[in-house]
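Undergrad: Have a look at this one.
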Amino acid sequence: MKPEIILPYQPGAQNADLKKANARLTASKSYKDLSTVIVVPTRGGRSLDPRWVSGMLGLMSAMNQKRFGPCFISGLEVGHAFNSAVEMVLGHPELRKFKFLLTYEDDNIPPPDGLLRLYESIGDYDVVGGLYFTKGEAGQPMLFGNPNESPINFIPQAVQSETVQRVNGTGMGFTLFKMDVFKKLPAPWFETIQKWDPNTGSQAFTQDLAFYEKLIRVGGKIAVDNRVKVGHYDPETQTMW
């Protein structure tokens with residue numbers, strides 16, 4: 001050990017720079033209500049992969065904040081599964097008071113601090129997701145649509161690395177929603193749409209993009225936090241995309 005002079009009082013590293021400490025605490029949103037319900041749709045008929053279970057167990061929560069779940073919804077079409085989850089939450093006298101809903105699909109593996117990062121970045125956005133790609137060698141990032149273009153579109157976007165990127169839509173594999181968005185939009189929130197009309201032509205939307213279009217039309221804002229890199233696991237090939 002090196003010799004040292006022991007002082008009777010030291011204020012500590014955080015007290016020495018309160019401006020820096022406050023900036024860190026403000027960014028983390030730790031003084032706000034971050035109560036969160038986690039919902040997980042599962043396909044049913046198969047066990048959860050241990051990689052997913054390990055990721056779920058290792059997911060960090062904000063200190064001294066309420067967290068409920070994961071709530072599993074098994075065997076339903078994905079749009080119906082998410083609708084059922086939201087209806088359950090809004091119909092519960094306590095859960096409806098929670099501030100956030102986290103959708104967490106059973107083949108997505110977020111980093112341990114992924115949820116904490118989403119709290120930091122959601123800010124004025126209504127929805128913010130982690131960054132993941134569709135499965136396969138030609139996988140595309142779940143970044144759809146340029147909000148600066150009109151009309152509303154869901155054209156795939158390039159990744160803006162290490163930033164919070166505003167988009168028109170993203171997936172629901174690891175995505176944080178402000179609970180209030182479900183209170184201001186009528187049910188059903190999520191619909192898988194595949195139809196043709198002689199006046200308007202064909203429409204094809206997955207349940208997530210159908211919801212985001214409704215949200216944008218009432219002034220909602222969506223983003224992806226590209227710092228939160230989420231693995232997308234294919235159990236058939238045992239590949240993490």
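The values are calculated or read from the model by the stated rules, or taken from the named source; none is laboratory data. The model shown is predicted, which means the values in this text are computed figures rather than measured ones. Note: ideal-geometry Cβ built from the backbone for every residue, glycine included; neighbour counts use all protein chains shown.
Undergrad: Scan region 183-228 for residues that are modelled with pLDDT under 95 and among the polar types (S, T, N, Q) and jot them down.
TA: Those that are modelled with pLDDT under 95 and among the polar types (S, T, N, Q): THR192, GLN194, ASN199, THR200, SER202, GLN203, THR206, GLN207.
Undergrad: Does any residue of region 33-44 turn out to be within 17 Å of LEU118 (Cα to Cα) and loosely packed, with under 12 Cβ neighbours inside 10 Å?
TA: No, the conditions are met nowhere in region 33-44.
Undergrad: For the list (1) at pLDDT below 95; (2) farther than 24 Å from ASP180 by Cβ; (3) out of contact with any helix residue (DSSP H, G or I) (no Cβ under 8 Å at 6 or more places or on another chain), I need the number of the one condition that LYS32 fails.
TA: The failed condition is (2).
Undergrad: Kindly indicate the residue of region 1-42 that is assigned to a loop (DSSP other than H, G, I, E, B) and closer than 30 Å to LEU95 by Cβ and also farthest from the chain's Cα centre (by Cα) among those meeting that condition.
TA: TYR31
Undergrad: Looking at region 172-182, is at least one residue modelled with pLDDT under 95 and either in a loop (DSSP other than H, G, I, E, B) or surrounded by fewer than 20 Cβ atoms within 10 Å (Cβ to Cβ) (or both)?
TA: The answer is no; no qualifying residue exists.
Undergrad: Yes or no: region 54-71 includes at least one residue that is surrounded by 10 or more Cβ atoms within 10 Å (Cβ to Cβ) and of a type in the set (Ser, Thr, Tyr).
TA: Among the residues of region 54-71, at least one is surrounded by 10 or more Cβ atoms within 10 Å (Cβ to Cβ) and of a type in the set (Ser, Thr, Tyr), which makes the answer yes.
Undergrad: Being among the charged types (D, E, K, R), within 25 Å of LEU101 (Cα to Cα) and exposed (fewer than 13 other Cβ atoms within 10 Å of the Cβ) is the filter here; which residues of region 122-163 pass it?
TA: Result: ASP124, GLU162.
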